[in-house]
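Please treat every number below as a calculation from the coordinates, not as lab data. Everything quoted here is computed from the prediction, not taken from an experiment. Note that we place each Cβ from the backbone using ideal geometry, even for glycine, and neighbour counts take in every protein chain shown.
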Amino acid sequence: MKEKVSLALDKRTWRPSPLLGQVVLVTSLNADGQSNVAPKSWLSMMAFEPALLALGCNLAHWTAQNVIDRHEFVVNIPGAELVEIVWKAHTLSHPRPVERIGLTPLPAQKVKPPRIAECKAHLECTLVQSLAFGSEVILLGQIVAASMDRDAIEAEDPYAYLRLFAFLEKNTFGVIEQARRVRERGI
């Protein structure tokens with residue numbers, strides 16, 4: 001049996017991290033109606049019916065404040081070709097409209113915050129509930145519209161097209177470059 005080593009409870013100290021977080025760009029609207037964009041990696045699907053996702057955020061962040069105040073947001077899924085833009089985005093001061101990070105706003109189908117044209121997929125959400133834990137909050141959003149590049153849907157390996165990437169630890173990310181299927185056993 002392999003020796004197990006205890007880890008501190010602070011994820012920021014884990015090297016390597018046993019948990020990864022898909023990197024997305026979340027758009028919301030500021031009080032003045034201007035878009036706000038922020039990279040996030042604490043995101044997970046929570047339910048199929050209705051389609052719900054959870055987004056973790058710091059309560060002091062503009063994203064949390066905007067979503068709690070206006071009840072809408074869009075999860076934009078970038079491919080790895082945008083990693084430099086995404087990584088730099090969090091260093092820019094606020095307000096931070098989509099155009100400021102060098103990307104193009106695209107009207108959403110059902111909510112007011114924009115989608116991002118250069119991203120490969122989009123989940124438009126309305127806030128169902130927020131759960132605060134100290135300075136952190138979980139934003140539970142119902143997906144009310146979803147869209148994706150047609151090329152992703154038509155690709156032989158859609159995951160190779162999407163090139164989703166995940167935050168691993170400080171200044172470290174991983175990329176999904178191909179999908180593999182498990183052979184099912186006969187019944």
For the pair Ala179 and Gln109, the simple spin-label estimate (label points 7 Å beyond Cα toward Cβ) gives in nm 1.8
State the extension gain, in nm to one decimal, for the chain segment bounded by Glu49 and Trp14, taking 0.36 nm per residue of separation less the distance between their alpha-carbons. 9.2 nm
In terms of Cα to Cα distance under 21 Å, which lysines are near enough to Lys120, apart from those fewer than 8 places away along the same chain? Lys40, Lys88, Lys110, Lys112
Going by how many other Cβ atoms sit within 10 Å of their own, how do Lys40, Lys170, Lys2 line up, fewest first? Lys2, Lys170, Lys40
Tabulate in residue order the Karplus-calculated ³J(HN,Hα) for region 107-114, using 6.51 cos²θ - 1.76 cosθ + 1.60 with θ = phi - 60°, rounded to whole Hz; enter x for Gly and Pro. x, 7, 7, 10, 10, 7, x, x
Can you list the lysines whose alpha carbon is less than 26 Å from that of Lys4, not counting same-chain residues fewer than 8 positions off? Lys170
What is the order of His122, His94, fewest Cβ neighbours within 10 Å to most? His94, His122
Can you figure out the FRET efficiency of Glu84 with Met1, using R₀ = 30 Å and their beta-carbon distance, to the nearest 0.05? 0.10
Output the relative contact order of the chain, whole-number percent, from Cα pairs under 8 angstrom with separation of 6+ residues. 24
Counting only GluC sites (Glu not before Pro) that are in a DSSP loop and have at most 10 other C-beta atoms within 10 Å, tell me the longest site-free stretch of the chain. 4-155
Mind checking the dipole of region 33-187: about its Cα centre, +1 per Lys or Arg Cβ, -1 per Asp or Glu Cβ, Debye to the nearest 20? 180
Charge context of Pro16, other residues only, Cβ under 14 angstrom, K/R +1, D/E -1: +3
Dipole magnitude of region 1-85 about its Cα centre (Cβ charges: Lys, Arg +1; Asp, Glu -1), debye to nearest 20: 460
What percent does the relative contact order of region 35-141 come to when contacts are Cα pairs within less than 8 Å and at least six residues apart? 36
Given the C-alpha centroids of region 105-157 and region 1-72, what is the distance between them in whole angstrom? 13
What residue among Asp32, Asp157, Asp149 shows peak mean-square fluctuation when the chain is described by a Gaussian network model with Cα springs under 10 Å? Asp32
Counting other beta carbons within 10 Å of each residue's own, what order do Val83, Val5, Val37, Val98 fall into, fewest first? Val5, Val83, Val98, Val37
Computed lengthening from Lys170 to Ala146, 0.36 nm per intervening residue step minus Cα-Cα distance: 5.6 nm
